[in-house]
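Before any comments, here is the structure.
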């Protein structure tokens, strides 16, 4: 079955960036030895723990994004996306090199096995969700964060944050 071409430029950009993340992790997981257990010399999470953190975060967001897409399915639109206030704050924070503390809910405890394969499969699920959002109004479909319902994100903000979050951590893994 052929995949429909995504029309919205924001979603196309996110899919391209997500594919790059997936390819980098696939290459890393294919390296000989135990590459996923590598830990930066200055400390921090092992690569497997980073992937577990990204996996856990995405899963939590899937739980609020999917119902929001169903509820907002009548909100159609191809208007250019621009981040809302909350989205802009989160995206700016993720793009800075400053160390950020993950909410307790997203702190990895023990990576699932095999985390590399499961993470790559989840990347495919995220790409599918992004494709399904094509044609929906990325600014008007909103929902509460899985961490705090006081934080509200638009659909476009959420996808941008998830992909930027992955880029941030994968960049830390590939030194």
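Okay, here's what the table says:
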| item | result |
| --- | --- |
| Selected residue [surrounded by 12 or more Cβ atoms within 10 Å (Cβ to Cβ) and in a loop (DSSP other than H, G, I, E, B)] from 82, 88, 20 | 82 |
| Selected residue (only one of 161, 115, 109 is touching a strand residue (DSSP E or B) at 6+ places or on another chain (Cβ under 8 Å) and closer than 28 Å to residue 37 by Cα) | 161 |
| Filtered residues of the stretch 23-41 (kept if over 19 Å from the mean Cα position of the chain (by Cα) and surrounded by fewer than 15 Cβ atoms within 10 Å (Cβ to Cβ)) | 30, 31, 32, 33, 34, 37, 39, 40, 41 |
| Residue within the stretch 101-119 that is within 24 Å of residue 8 (Cβ to Cβ) and surrounded by fewer than 19 Cβ atoms within 10 Å (Cβ to Cβ) present | no |
| Lone unmet requirement of (1) under 20 Å from residue 167 (Cβ atoms); (2) in contact (Cβ under 8 Å) with a residue 40 or more places away in the chain; (3) surrounded by 14 or more Cβ atoms within 10 Å (Cβ to Cβ); (4) in contact with a helix residue (DSSP H, G or I) (Cβ under 7 Å, 6 or more places away or on another chain) for residue 95 | (3) |
| Subset of the stretch 1-17 [in a loop (DSSP other than H, G, I, E, B) and either modelled with pLDDT of 90 or more or surrounded by 13 or more Cβ atoms within 10 Å (Cβ to Cβ) (or both)] | 6, 7, 8 |
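The rows are residues; the columns are (1) touching a strand residue (DSSP E or B) at 6+ places or on another chain (Cβ under 9 Å); (2) at pLDDT below 95.
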{"position": "46", "(1), (2)": "no, yes"}
{"position": "65", "(1), (2)": "yes, no"}
{"position": "71", "(1), (2)": "yes, yes"}
{"position": "76", "(1), (2)": "yes, yes"}
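The values are calculated or read from the model by the stated rules, or taken from the named source; none is laboratory data. Worth saying up front: this structure is predicted, and the values here are computed from it rather than measured. Counting neighbours? That spans all protein chains shown, and the Cβs are built from the backbone with ideal geometry, glycine included.
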